[in-house]
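**Student:** Structure provided below as structure tokens; questions to follow.
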Amino acid sequence: MGFLQFLLPKDKKFFPLFAQATENLVKASKVLVELVNTAPEKRKEFVKEIEHLEHTGDNITHLIFTELSRNFITPFDREDMHKLASDIDDILDFIHGSAKRIDLYKVNELSDSITILADCILKGAIELNVAVKNLENLKNENIIKEACVKINSLENHADDVFNMGIARLFEEEKDPINIIKIKEILAALETATDKCEDAANTVQTILIKYA
């Protein structure tokens, strides 16, 4: 154990809250994957479930912010912890936004690009959960680094999927209204993968300072 790790206070509040936040994110990501792979008439129940999980995530984020304001001593830099909580919340917001758009725009046929992006979000959320949970025990530095590298790779893949999806959309879709609808859904999903990479970068910042 490094000298800085020895000095870190034993935390019983923040780590459980961050674990709850990423576990909730994984749940929402799994529901999103179910949503994009189900029949249009069954999507509303998944949208409602994501909405519930988004509210749960908001509550967890609020609790983290409250604890940050109450506690003078925190396990990591206050700014980094605030940023990580905000990053996780942002991913959830874009998952919710994607689901709402799919529902409200009544897009019956969802492209392969949409389903692949949803899968990228889920895989990224799972890796982020691994990385965040291992922050409590910084001797597992390699596990955290590996998870962050995977998230970065997933974001790069998502960029490619998004660009190909937009190109195919302009090539194949003749209805300009449908183009706008699908483009917005793709953009929201791709932004969720960007936010996942932001969270991974925040985790790596913490790792550089304390590992």
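The values are calculated or read from the model by the stated rules, or taken from the named source; none is laboratory data. For clarity, every value in this text was computed on a predicted model and none was experimentally measured. Methodologically, a virtual Cβ is constructed for each residue, glycine included, from the backbone with ideal geometry; neighbour enumeration extends over all protein chains shown. Side chains are part of the model used for accessible areas, which takes the heavy atoms of the whole protein and leaves out ligands, DNA and RNA. Shrake-Rupley method; radii C 1.70, N 1.55, O 1.52, S 1.80 Å.
**Student:** Step by step: first the residues of the stretch 36-75, then only those that are hydrophobic (A, V, I, L, M, F, W, C) and in a loop (DSSP other than H, G, I, E, B), then the one that is surrounded by the fewest Cβ atoms within 10 Å (Cβ to Cβ). Which residue is that? Reasoning before the result, please.
**Tutor:** Initially, the stretch 36-75 is screened for residues hydrophobic (A, V, I, L, M, F, W, C), giving 36, 39, 46-47, 50, 53, 60, 63-65, 68, 72-73.
With the extra rule that they be in a loop (DSSP other than H, G, I, E, B), the set shrinks to 39, 72-73.
Details: ALA39: 7, PHE72: 5, ILE73: 8.
This residue is PHE72.
**Student:** If you take the residues of the stretch 99-157 that are among the hydrophobic types (A, V, I, L, M, F, W, C) and free of Cβ contacts under 8 Å to residues at least 12 places away in the same chain, which of them is most open to solvent (accessible area, probe 1.4 Å)? Spell out the reasoning first.
**Tutor:** In the first step, residues of the stretch 99-157 are kept if they are among the hydrophobic types (A, V, I, L, M, F, W, C); the result is 99, 102, 104, 107, 110, 114, 116-118, 120-122, 125-126, 128, 130-132, 135, 138, 143-144, 147-149, 151, 154.
Retained after the next criterion (residues that are free of Cβ contacts under 8 Å to residues at least 12 places away in the same chain): 104, 149.
Working: LEU104: 109, VAL149: 83 Å².
Residue satisfying both the conditions and the ranking: LEU104.
**Student:** Show me the helices (runs of 4 or more DSSP H) found entirely inside the stretch 77-185 where at least 2 residues are more than 21 Å from GLU197 (Cβ to Cβ). Full working, then the answer.
**Tutor:** On the way: elements: 78-104, 112-133, 141-172.
Filter on the stretch 77-185 gives 78-104, 141-172.
**Student:** Let me ask something else about it. Inside the stretch 20-35, can you point out the residues that are over 26 Å from LEU135 (Cα atoms), open to solvent by 10 Å² or more (accessible area, probe 1.4 Å) and not charged (D, E, K, R)?
**Tutor:** The answer is VAL33, and nothing else.
**Student:** Taking the stretch 76-92 on its own, how many of its residues are of a type outside the set (Lys, Arg), over 15 Å from LEU128 (Cβ atoms), open to solvent by 40 Å² or more (accessible area, probe 1.4 Å) and in contact with a helix residue (DSSP H, G or I) (Cβ under 8 Å, 6 or more places away or on another chain)?
**Tutor:** Here the count works out to 2.
**Student:** Being modelled with pLDDT of 95 or more, within 21 Å of LEU110 (Cα to Cα) and buried (at least 16 other Cβ atoms within 10 Å of the Cβ), is that true of even one residue in the stretch 172-181?
**Tutor:** The answer is yes; a qualifying residue exists.
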